[in-house]
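**Student:** Before anything else, here's the structure in question.
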Amino acid sequence: MIKSKALSIPNEISLIIFDCDGVLVDSEILSQRVLLSLLKEIDVDVSEEYFLNNFLGYNFEHVTAKVLADFSVTLTRDFRENFRVELIKVFAAELQKTQHLDWLLSQLSVNSCVATSGSPEKVKHSLHYTKLEPYFNDRVFTSSEVENGKPAPDLFLHAAKRMGVEPQNCLVLEDSKAGICAAQAANMHVIRYIGASHLKTKDITTQLLDSVSTISHWKQLFELVPSLSSSVKSRGKPC
C-alpha cells in the first residue's frame, strides 16, 4: 500500500468531483474486455497496455478517432451500439463499486458530484447497478454536456459551475492521465485513485505521475486531506 501523509492545500475544499469509471465503479476492466473483444472481431488487435495508454479516461469519440488514426479502421454506428449493448449486459452481471466506497461516501464532510467521459446512459446504468444513485441524485455531469472532453478542462469547470463552487475549491478524484490533466488544466486539486482492478494489478511505478498524490485505498483520502472526514470536523467543533 502506498504511504500517504496530509497534503498542504492552500484553499478550502468545498466540493469533491468523482470520475465514475475506475473510481466510483470497478468498470474499466470490464470495458476493456468487451471493447478489445469486439475490436478483435474486426481485425483490430490491441493490448491491455494500449487500452490504458490510449482509451482510458477518454470518451468514445476519442476512441473512434484513435482507432481510425492508428489502424485505418472506422468504428461504425453499429459497432458503437453493439459495444453499448454488450457492455450493459456485462455491467448488469458483474459491475461492482470500488472497495469501501460506501464507507467513504458516508463519511464525507463536503458536497460531491460525478463528472465522467462516459455517456449519460452508461453512467446511469453504472450508478444503478451499484446502488450509488442515492449518493449523487442529479449531481452527475457527462462529456456530452461540453464541447471538449478530457483532457480539456471543460467538463470539470462545467461541473464546478453547476455546483456553485470555484475551481480552486474543488478536489478531483481520477484514475486516468487524461482526467488528471483535465483537472490540472481546470486549476483544481487532484488525487489519483488506483484501487480499481485495471490499475492495482499493474507495476505501481508505471502508475505514478509527477506532482500528483496517489491512493490505492479510500481510507487514504482522509489521511491526505483530513478535513474531508466528517468525524474529524465533528471533533473540531466546540462543546
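**Student:** For the stretch 66-125, which positions are in contact with a His (Cβ under 8 Å, 6 or more places away or on another chain) and in a helix (DSSP H, G or I)?
**Tutor:** ILE88, PHE91, ALA92
Here is a yes/no grid of residues against (1) more than 25 Å from GLN220 (Cβ to Cβ); (2) loosely packed, with under 14 Cβ neighbours inside 10 Å:
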residue	(1), (2)
LYS40	yes, yes
VAL44	yes, no
GLU48	yes, no
ARG77	yes, yes
SER109	no, no
HIS128	yes, yes
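**Student:** Can you tell me which residue in the stretch 178-198 is nearest to VAL165 (Cα to Cα), limited to those that are out of contact with any helix residue (DSSP H, G or I) (no Cβ under 7 Å at 6 or more places or on another chain) and of a type outside the set (A, V, I, L, M)?
**Tutor:** Applying the first criterion (out of contact with any helix residue (DSSP H, G or I) (no Cβ under 7 Å at 6 or more places or on another chain)) to the stretch 178-198 yields 178-181, 184-185, 189, 193, 195.
Those still in the list that are of a type outside the set (A, V, I, L, M) too: 179, 181, 184, 189, 193, 195.
Working: GLY179: 19, CYS181: 20, GLN184: 16, HIS189: 13, TYR193: 22, GLY195: 27 Å.
Result: HIS189.
**Student:** Of the numbered conditions (1) part of a helix (DSSP H, G or I); (2) among the basic types (Lys, Arg); (3) modelled with pLDDT under 95, LYS202 fails exactly one; give the number of that condition.
**Tutor:** Condition not satisfied by LYS202: (1).
**Student:** Within the stretch 8-38, restricting attention to residues that are in a loop (DSSP other than H, G, I, E, B), under 20 Å from the mean Cα position of the chain (by Cα) and not aliphatic (A, V, I, L, M), which residue is farthest from SER216 (Cα to Cα)?
**Tutor:** So, considering only residues that are in a loop (DSSP other than H, G, I, E, B), under 20 Å from the mean Cα position of the chain (by Cα) and not aliphatic (A, V, I, L, M), the one farthest from SER216 (Cα to Cα) is SER14.
**Student:** Residues PRO134, PRO120, PRO151: which one is in the same structural domain as ASP21 (by TED's automatic domain parsing) and under 24 Å from GLU49 (Cα atoms)? Working first, answer last.
**Tutor:** Working: PRO134 fails: under 24 Å from GLU49 (Cα atoms); PRO120 fails: under 24 Å from GLU49 (Cα atoms).
None of the others qualify; the one that does is PRO151.
**Student:** Name, by its number, the condition in (1) surrounded by 15 or more Cβ atoms within 10 Å (Cβ to Cβ); (2) closer than 27 Å to LYS219 by Cα that does not hold for HIS158.
**Tutor:** Tallying (1) surrounded by 15 or more Cβ atoms within 10 Å (Cβ to Cβ); (2) closer than 27 Å to LYS219 by Cα, HIS158 fails exactly one: (2).
**Student:** To continue, here is another question. I'd like to check something: does the stretch 95-108 contain any residue that is aromatic (Phe, Trp, Tyr), in the same structural domain as LEU173 (by TED's automatic domain parsing) and closer than 21 Å to LEU56 by Cβ? Steps first, please.
**Tutor:** Going residue by residue through the stretch 95-108, those that are aromatic (Phe, Trp, Tyr) are 103.
Right, trim to in the same structural domain as LEU173 (by TED's automatic domain parsing) and you get 103.
If we keep only those that are closer than 21 Å to LEU56 by Cβ too, we end up with none.
Scanning the stretch 95-108 turns up no residue that is aromatic (Phe, Trp, Tyr), in the same structural domain as LEU173 (by TED's automatic domain parsing) and closer than 21 Å to LEU56 by Cβ.
**Student:** Further question: Is it true that some residue in the stretch 139-155 is more than 21 Å from THR214 (Cβ to Cβ), among the hydroxyl-bearing types (Ser, Thr, Tyr), assigned to a helix (DSSP H, G or I) and touching a Cys at 6+ places or on another chain (Cβ under 7 Å)?
**Tutor:** no
**Student:** Checking the conditions here, which among VAL146, VAL140 is among the β-branched types (Val, Ile, Thr), out of contact with any Phe, Trp or Tyr (no Cβ under 6 Å at 6 or more places or on another chain) and surrounded by fewer than 19 Cβ atoms within 10 Å (Cβ to Cβ)? I'd like the intermediate steps shown before the answer.
**Tutor:** Working: VAL140 fails: surrounded by fewer than 19 Cβ atoms within 10 Å (Cβ to Cβ).
VAL146 is the lone residue from the list that is among the β-branched types (Val, Ile, Thr), out of contact with any Phe, Trp or Tyr (no Cβ under 6 Å at 6 or more places or on another chain) and surrounded by fewer than 19 Cβ atoms within 10 Å (Cβ to Cβ).
**Student:** While we're looking at this one, here's another question. Given the conditions (1) surrounded by 12 or more Cβ atoms within 10 Å (Cβ to Cβ); (2) in contact with a helix residue (DSSP H, G or I) (Cβ under 8 Å, 6 or more places away or on another chain), and given that GLU12 satisfies all but one, which numbered condition is not satisfied?
**Tutor:** (1)
**Student:** Could you identify the single residue in VAL165, VAL172 that is touching a strand residue (DSSP E or B) at 6+ places or on another chain (Cβ under 6 Å), part of a loop (DSSP other than H, G, I, E, B) and within 28 Å of PRO226 (Cα to Cα)? Steps first, answer last, please.
**Tutor:** Values: VAL172 fails: part of a loop (DSSP other than H, G, I, E, B).
Every option except VAL165 fails the conditions.
The values are calculated or read from the model by the stated rules, or taken from the named source; none is laboratory data. Predicted model, so just to flag it, every value in this text is computed and none were measured. Positions of Cβ are backbone-derived with ideal geometry, glycine not excepted, and every protein chain shown enters the neighbour counts.
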